[in-house]
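Novice: I have a structure I would like to understand better, so I am pasting it below and will then ask my questions one at a time.
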Amino acid sequence: MTVTLSGFADEISSDPREQLATLAAESITHLELRSAWSVNVADFTGGQIAALRALLGDAGVRVSAIGSPIGKIPLGAPLGPELDRMRLVLAHENEKEIFGAVPGRCADLITAVNSPALRATFDAANFVQCGVRPFSEAYGLLRPYLVYLQVKDALAATGEVVPAGRGDGQVRETLAALRDSGFEGFMSLEPHLAQAGRYGGFSGPEGFTRAARSLKFILNELGIPYR
């Protein structure tokens, strides 16, 4: 088993050059693309796509996933624009304050759609903030569909987001179980250490680095190779 580290690089800075410098300092070769230059990926112009592609190519960094805003709309909003954005394989994140926030509803969504194009992303901190014990109550139900991890932790008492392993997200138990099951997907850092919101978060270079090192410490402790 070897996992690949990634992260929401816009938590580092809105400037993609600073994003890439911090990733390089932590030897992280992938990013999860949500925004650059304070523009959401869904709203990039052709010129911005070309510029970012060139920067990524020069840095030797690849994209692990698109952190899209799909589905973060009011119930009464028109579906047409959302459907146009959904021409890709989707991994449902258990984001709080949506229907698929808790384990049973996540599984319901995936089994109801019944398509290999819809899989699951696992976010321990979001489960904690919904009153769910991530490993004890969610992992077993969602493991058959799990293809991606978004890594952050949280304190059950307050909901405060903290680095992996420093909260109530049962991160060690989850990672150990993934190791034993042969998981070889991405583990994407989404630290939210300085600011957290419905459409994103921010940690700064120092916060992102602290989160990366906390995850690496646990992976080393559990004997999980990463790249």
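The values are calculated or read from the model by the stated rules, or taken from the named source; none is laboratory data. Just so it is clear, the structure is predicted and the values come from calculations on it, not from any experiment. Using ideal geometry, Cβ is built from the backbone for each residue, glycine included, and neighbour counts are taken over all protein chains shown. Side chains are part of the model used for accessible areas, which takes the heavy atoms of the whole protein and leaves out ligands, DNA and RNA. Shrake-Rupley method; radii C 1.70, N 1.55, O 1.52, S 1.80 Å.
Novice: Would you calculate the volume per residue, in Å³, of the smallest convex hull containing every Cα atom of the range 98-227?
Specialist: 111
Novice: Taking only protein heavy atoms into account and a 1.4 Å probe, give the accessible area per residue of the chain in Å².
Specialist: That works out to 48 Å² per residue.
Novice: Could you tell me the calculated FRET efficiency between E160 and A21, based on Cβ-Cβ distance and R0 = 30 angstrom, to the nearest 0.05?
Specialist: Efficiency, from the Cβ-Cβ distance: 0.60.
Novice: Between T22, T111, T209, which gets the highest mean-square fluctuation from a Gaussian network model of the chain, Cα cutoff 10 Å?
Specialist: Between T22, T111, T209, it is T111 that shows the largest mean-square fluctuation.
Novice: Out of all Cα-Cα pairs in the range 57-155, roughly what percent, to the nearest whole number, are more than 24 Å apart?
Specialist: 26
Novice: Per residue of the range 67-72, in order, report the coupling 6.51 cos²θ - 1.76 cosθ + 1.60 (Karplus, θ = phi - 60°) as ³J(HN,Hα) in whole Hz, putting x for Gly and Pro.
Specialist: So the Karplus estimates, Gly and Pro as x, are x, 8, x, 4, x, 8 Hz.
Novice: If you don't mind, there's one more thing I want to ask. List the residues whose amide H sits under 5 Å from the amide H of R119, counting only those 5 or more places along or on another chain, with H placed 1.01 Å from N in the peptide plane.
Specialist: Result for R119 returns L90, A91, H92.
Novice: Sticking with this one: Can you figure out the FRET efficiency of A112 with T2, using R₀ = 35 Å and their beta-carbon distance, to the nearest 0.05?
Specialist: For A112 and T2, the calculated efficiency is 0.60.
Novice: Listed highest first by mean packing, meaning other Cβ atoms within 10 Å per residue, what order do 180-192, 3-15, 97-109 come in?
Specialist: With the highest mean Cβ count within 10 Å placed first, the list reads 3-15, 180-192, 97-109.
Novice: Per residue of the range 137-142, in order, report the coupling 6.51 cos²θ - 1.76 cosθ + 1.60 (Karplus, θ = phi - 60°) as ³J(HN,Hα) in whole Hz, putting x for Gly and Pro.
Specialist: 10, 10, 4, x, 5, 9
Novice: Give the relative contact order (percent, whole number) for the range 57-206; include only Cα pairs under 8 Å separated by 6+ residues.
Specialist: The normalised contact order for the range 57-206 reaches 17 percent.
Novice: Here is a follow-up. Cα convex hull of the range 53-99: mean projected area in nm², to one decimal?
Specialist: Quarter of the Cα hull surface area: 4.8 nm².
Novice: For G169, list long-range residues whose amide hydrogen, built 1.01 Å from N in the peptide plane, is under 5 Å from its own amide hydrogen.
Specialist: For G169, the qualifying residues are A154.
Novice: Sum -39500 (n - 2.57) across every DSSP H segment of at least 4 residues in the chain, then divide by the residue count to get the 222 nm mean residue ellipticity, nearest 500.
Specialist: Rounded to the nearest 500, it is -10500 deg cm²/dmol.
Novice: Debye sum, Cα scatterers, the range 1-103, no solvent: what log₁₀ I/I(0) at q = 0.13, 0.21 1/Å?
Specialist: -0.55, -1.18
Novice: Okay, moving on. Placing one identical point scatterer on every Cα of the chain and ignoring solvent, what is log10 I(q)/I(0) from the Debye formula at q = 0.10 Å⁻¹?
Specialist: -0.43
Novice: Across the range 156-169, in residue order, what do the Karplus-derived ³J(HN,Hα) couplings come to in whole Hz, using 6.51 cos²θ - 1.76 cosθ + 1.60 with θ = phi - 60° and x for Gly and Pro?
Specialist: Along the range 156-169, the couplings run 5, 5, 10, x, 4, 7, 9, x, 3, x, 10, x, 9, x Hz.
Novice: Straight distance only, please: which lysines reach the Cα of K152 with their own Cα at less than 19 Å, same-chain residues fewer than 8 apart left out?
Specialist: Result set, ordered by chain and number: K96, K216.
Novice: Treating cross-link reach as a plain straight distance, find the aspartates and glutamates whose alpha-carbon is under 20 Å from the alpha-carbon of K72, omitting any fewer than eight places away in the same chain.
Specialist: Leaving aside aspartates and glutamates fewer than 8 places away in the same chain, those within reach of K72 are D10, E11, E32, D43, E82, D84, E93, E95, E97, D108, D123, E190.
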